[in-house]
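What follows is a single structure, written as C-alpha cells, with notes after it.
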Ligand code: NDP
Ligand code: MG
C-alpha cells in the first residue's frame, strides 16, 4: 500500500459485498476507482446482485457458498474470475497475499473464520461484523496482535471513538489517560413513550428507526437497545476497557456518534451525518482521508443537542450486556445467540417485544460459563445457547 499526497493504492477484499455495508462500500469505490481496487468480493444468497457487482468492478476472485451457486453465478458473468467456495473460500480471500485491506461485512457468526483469518494474516481490517467481536473478542484481539493486523472499527460509535483516540492508537491497546468511553444511543423509536405497552409493539413499529436506515434485525436491536448492549461488549474488546468504564447516553439527534472522556475532564468526539459511508470512508482511507459522497453537516442547523440517561427500568439490555461483559466471553456469546433467536421469533409474530430481553436475561442465568480458547468452542457455545432457547421456548 502506498500513501502520500492523498494517493492510495489499495487492493480491497470485500466480504459481504451484497449486504447493506457492502453497498455503501461499493458506492465509495465507484468514486475512488483510481485509488481502491476491488480485488475480491463475497456474496451468499443474492447471486444476481453478486454478478452485477462482479461485472461492474471486475474483481479477480469471488466467493460463493457452494457448487450450485457457481452454476447459478457463472452464466451471469461477463468475464472469468477465480471462484472459491464456502468458509474455506472466504478464508482464502481474506488471506490472499495480494489483498492489503479487508472489509469484514458478513452478518453474524458466518463472518467469524474469515475475520480471524484476516487478522492472522496481518491485514488492515475494516470491521463491521460485530458478532466477530461479541462471540470471539478475546480470540480476535489475540490474532490481531499476533498477526500484526490493524483493526479499524466500522460501527459508527466505535469508529467515532477510534477517531477520538490519540494518533497512533491501535485497537486492543489500553488508552492512556482514559476516564471512560461514552456510547451515544438514539433511544430507538419508543423513547419518551412511557405509556406505550411494550408487549403490544409490532415488528413494523420496531423496525421504524428514527435516524438510521438499516436491516430488520439490527432495527429491532435498536428498539430494544440490545444493539447498544452489543456495542458495549464490542467497545470492551476493541479498546481494552472493563465494562464499568463504558457508559451509554441517549442522544436522540445522533449527531455526536460517541465520545471519549479523558482523566483531565476533556471530552473528545466525532460528529457527522447519520450515513454509514462516513465511517466506511474513514476505514477505507485510513490513515489518509477520502470524500464520502455525503452531505456535510450544517452546524448552523443544529438547533439543540440533547443527552438523557438510559431508562434501564424499561430497557434492561445495556445492563444485561454489562453483566455479560463482566462474566466473560461465553456469557457474551449467550447474550448474542439468545437475542438473535428471540428477535427472529418476534419478527415472525411469535414473541411479544418485551420478552426479547427477558429471554436474554434467563439465558444468562441458566447457562454456565465455559472457557473459549478456540473458535470451535465459541461456535459450540453459540449452538448450545440456541438449543437452550428452542427447548425452553417450545
Ligand atoms: P446485511 O444483512 O445487509 O448483509 C450481510 C452480508 O453477509 C450479505 O452480503 C450476505 O450475503 C452475507 N451473508 C449472510 N449470511 C452469510 C453466510 N452464512 N455466509 C456468508 N455470507 C453471508 O447486513 P449489514 O450489511 O447491515 O451488516 C453487516 C455487518 O455489519 C453485521 O454484522 C452488522 O451488525 C454490522 N453493522 C451494520 C450496520 C449497518 O448500518 N447496516 C451498522 C453497524 C454494524 P447475501 O445478501 O448475498 O445473502
Ligand atoms: Mg452502531
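Of note:
- With both residues required to sit in the chain, DSSP beta bridges show an antiparallel share near 25%.
- Across the chain, Cα pairs under 8 Å and at least six residues apart give a relative contact order of 14 percent.
- Highest-first packing order for the peptide set 15-26, 255-266 is 15-26, 255-266, based on the mean count of other beta carbon atoms within 10 Å.
- The stretch 104-204 shape via C-alpha gyration tensor axes, a/c threshold 1.5: oblate
- Using the average count of surrounding beta-carbon atoms within 10 Å as a protection proxy, the listed peptides 126-135, 79-88, 361-370 rank, highest first, as 126-135, 361-370, 79-88.
- Point-to-point label distance, residue 56-residue 167, nm (Cα→Cβ direction, 7 Å offset): 3.5
- Our note on the geometry: Cα centres of the stretch 317-394 and the stretch 209-274, 21 Å apart.
- Two-site label geometry, residue 49 and residue 376: point separation in nm, points 7 Å out along Cα→Cβ: 3.4
- Computed E for residue 66/residue 303 - FRET, C-beta separation, R0 56 angstrom, nearest 0.05: 0.60
- Difference of contour (0.36 nm per residue) and Cα-Cα distance, residue 347 to residue 240: 35.1 nm
- Packing-based order for 45-53, 170-178, using average beta carbon neighbours within 10 Å, highest first: 45-53, 170-178
- When DSSP beta bridges are restricted to pairs lying wholly in the stretch 10-154, around 0% turn out antiparallel.
- Sequence-distant contacts, meaning Cα pairs under 8 Å at least 6 residues apart, place the relative contact order of the stretch 248-325 at 35 percent.
- Taking each DSSP H run with n ≥ 4 as -39500 (n - 2.57) and averaging over every residue of the chain yields -13500 deg cm²/dmol at 222 nm.
Only the coordinates and a few stated rules stand behind these numbers; no lab work does. Predicted, not measured: the structure shown is a model, and the values here were computed from it. Quick reminder, even Gly has a Cβ in these numbers, built from the backbone with ideal geometry, and neighbours come from all protein chains shown.
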